[in-house]
1. Relative to the Cα centre, what is the charge dipole magnitude of region B:273-344, using +1 at the beta carbon of each Lys and Arg, -1 at the beta carbon of each Asp and Glu, and rounding to the nearest 20 debye?
2. Based on the mean of other beta carbon atoms within 10 Å per residue, what is the order of B:271-281, A:388-398, most packed first?
3. What ranking do B:226-234, A:108-116, A:33-41, A:275-283 get when scored by the average of other Cβ atoms within 10 Å per residue, highest first?
4. Between the alpha-carbon centers of region B:10-63 and region B:309-342, tell me the distance in whole angstrom.
5. Evaluate peptide B:50-62: per residue, the Cβ atoms of other protein chains within 10 Å of its Cβ; return the mean as an integer.
6. Taking amide H atoms as placed 1.01 Å from N in the peptide plane, list the residues 5 or more away in sequence, or in a different chain, whose amide H sits under 5 Å from that of A:Ala36.
7. Could you tell me whether region B:163-207 comes out rounded, prolate or oblate from its Cα gyration tensor? Rule is a ≥ b ≥ c as square roots of the eigenvalues, rounded for a/c under 1.5, then prolate if a/b exceeds b/c, otherwise oblate.
8. Please name which of A:Leu162, A:Gly173, A:Ser137 has its Cα lying farthest along the dipole of region A:85-206 towards the positive end, using unit charges on Cβ (Lys, Arg +1; Asp, Glu -1) and the Cα centre as origin.
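No value in this document is a laboratory result; all are computed from the given coordinates. As the structure is a prediction and not an experimental result, all values here were calculated from the model. Cβ sites come from the backbone with ideal geometry, for glycine too, and all protein chains shown count toward neighbours.
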Amino acid sequence: MSGTIPFDPDDRYNAFLTTCKNPSHGNGKLAGVAVAVKDNISTKNIETTCASKILKGYVPPYDAHVIELLRAEGAAIAGKTNMDEFGMGSTTENSAFGPTLNPCDPSRVPGGSSGGSAAAVAAGMVQMALGSDTGGSIRCPASFCGIVGLKPSYGRVSRYGLIAYSNSLEQIGPLGKSVTDVSTLMSAIAGYDRHDTTSRDKPYTHTPDADIKGLKIGIPQEYFGAGVDPAVAAVVRKAIGRLEELGAVTVPCSIPSMEYALAAYYVTTTCEASSNLARFDGVRYGPAPDTNKSWHDAYTEVRAAGFGAEVRRRIMLGTFALSSGYYGKYYAKAQIARENVRADFNRIFSGADVIAGPTMPTVAFRLKEKSDPLSMYLADILTVPANLAGIPAISVPCGTAHGLPVGLQIMGRMFEDERVVDVAYAYEQAVN
Amino acid sequence: MADEETQVIVGLEVHCQLDTKSKLFCGCSTDYRVDGPNTHVCPICLGLPGAMPALNKRAIEYAMKVAKALNCEILNESEFSRKNYFYPDLDKAYQITQYDKPLAEGGYLEIESDEGGEKKVRLTRIHVEEDPGRLVHMGNVERGKYSLVDYNRAGIPLIEIVSEPDMRSPKEARKFLNKLRATLEYLSVFDSEKEGSLRVDANISIKGNERVEVKNITSYKGVEKALTFEMTRQKNLIRRGQKIARETRHYLEARGVTQSARSKEQEHDYRYFPEPDLRPLRVKSWLDGIDLPELPDARRERFMKEYGCSLSHARTLTGDLRLANFFESVVAPDKAGLSPLAATWIADTLIGELNYRDMSLDRFEPAAMTGLILLLKAETITDKSGVEVLRVMLDERLKNEPAETPDAIVKRLNLAKTAGDTGAITTAIEEAINENPKALADYRNGGSKALNFLVGQVMKKTRGKADPGELNRLLIEALKKREV
């Protein structure tokens, strides 16, 4: 049964940058389901801006692979959601088109960078949404908005059509109100795509299973240490207690390489971003430069006017770090640090099936609370390790602290996305 | 000693377009020259946001074929890197290329050295990369300059072959390039006829001095010209006691000179890092499945053995795939009988006539050449008439006129040797002697020049149809009669 669905939401949280009025849908397991799509995922004939002025007016002539898959399953693309410009931020305040507000408390940020997608789901505007997660950009807003968000294993979902911020770290993933919705959306988007040669032939055909008896859960001390709000830590400990009641066993563990995780993350992302974002020059798409200027001057003008402050900062950091003589000192070293993180996880996973801890060290910030970049960067500390290692990680709501949602993060072995979904599902079923 | 002090040292970086059907990272056709600008493009080769490269395996196979033919070592693991720089023809603002882990390293190519004999030019590496788009400059100084950009070329697979500084003259550099071209064409991975399919950067220095990089050489002849200019420039500077600046210079083909590039262009920091959208290449095992065809050196040896060609003829004939194939087709009807004449006529005469017309060999079919060789072999026409027939045949094809057979041309122009018909020659001889009493007198005084002069006059009168041997005999007889 194909047709259109009515969609004309009251977007009081500024979750959407573009809404598709009465979008069409087809047949399949997502027939008639309204899905919101983060604005860094290319959608044919629908403006795609990455919440940046430099892409204002850009309408892709092609669909990202995940969009083709969604359409094939009958989903209705409801619109494009707000985000931190090019994914650079953890609050969605870095959007060129105004911040998104947290539906749980409109004086707070929804988290980021997929804040629009999380808010759209949390506010009930759509049933599901796609986000992308480079260092926590799905899990952070899921945690702050009290919904479920999954960052798949690196390679499980095609990135073709995802406007790259940091290619070696990011994945497209699902957000939804329930684990079942997230799992359903994941089953629609996962699998090999010949257009993304970093993707793997590992389709996801799982139905969540709440039986976690005998499951070994690693509890890393770093996830409950300095910098983590004790109220948040307490809520998460209690949630892990529920998992134990369901028959899981906890084992203490440690990720010593986390000391360098943020540094490795920010070096990698800024280096890759400086290269990825170099193509936005106004020659082929986006606001056009003044053609009476030399190309060099025109580029400078377009890029200075088109990029926001945080994007410019990260481009400059990455350009510096890749400069002649610095590659070994920064990018190459960051890759070694990533190897160490991967090694730590492998060691832990030899004695534990999953790792559990808070998704974010705090609850949602107030708007404009994180004014200096560094304190914002520090908020990513608990989500970044999964991206560095490429492993799957899910955030599932596990109660409140200070009256605001807290997310329980479950990380799993490479390509064991099904298992982290099961643990989240077991928890969700136990508390509901 | 003087030579030793001004020893020229040349190394080359050669970019060749691989003749694959589709581009390096997308399915777009590589046959872009025939269509309008920006018609062979897609989100990938346009570098649209979100598009990702997917490696064309055929291009890697082609590159490995070259590596194998040039005796290179395929690395166990190679990878693609991004070379970051801004330029309007570069749609992603980086070129996907290979940096510290190229596909292949080492190897060599044998060329004929200036001293004669074979010499090995060592290779540093071979890597695979994508071609950028192309800028087309429009307007002029008075009416405002601007450039249009055509991305049809963007993403065409290239290999870059880097040589060690083993060449000792511009001529050797030309020979290296010719040999490389021949090898690539024998491998069926390259088409030298396609405009811009080969581009060369050359490093040249005079021993003991700084080296200069000459960029932007786009023709085979251009290499020798550019390097000869540069060599002379550098030698002159040294002679005047000046220092050679280490710099990049552009070759201006139209003027045949090199010009210093603006210093800005030399300060590029390409910020290389591994391309995160492509996985490392582990393709060494593919080598087993790669079979090489007969290559120029082997074919040259075979031509000497099988057709009795001289070294020089064999080298010329096998130095170009089309020419070698042409020769073999021409002599196919009668290898032993036709080869000696065909080798000379193709290597010495045909090439010259083609070059004179700037004409491609593809426009001349081997059967026509076989017909001509048969006429020459049967001594139906003289060598001189042979050249005339060849010229007519080439001109007809060049002008797209109906192509006559060699026999038809001989008939139409009445070029058949006047063998047996001594009457015409005798008449011509008598006329020539009568018209040139001075030559007769000179001959009597022992002037051999006079004899040659008279031969020429008779040839003119018989329009070259007289058999030279017969003419000589009859002329001397006639002159002797006059002495009586």
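1. Using Cβ point charges on Lys, Arg, Asp and Glu, region B:273-344 gives about 140 debye.
2. Answer by packing, highest mean first, reads A:388-398, B:271-281.
3. Going from most to least packed, we get A:108-116, A:33-41, A:275-283, B:226-234.
4. Value for the Cα centre distance between the two parts: 36 Å.
5. Mean partner shielding for this stretch: 4.
6. A:Ala78, A:Met128, A:Ala129, A:Leu130
7. Verdict is prolate for region B:163-207.
8. The residue sitting farthest along the positive end of the dipole is A:Gly173.
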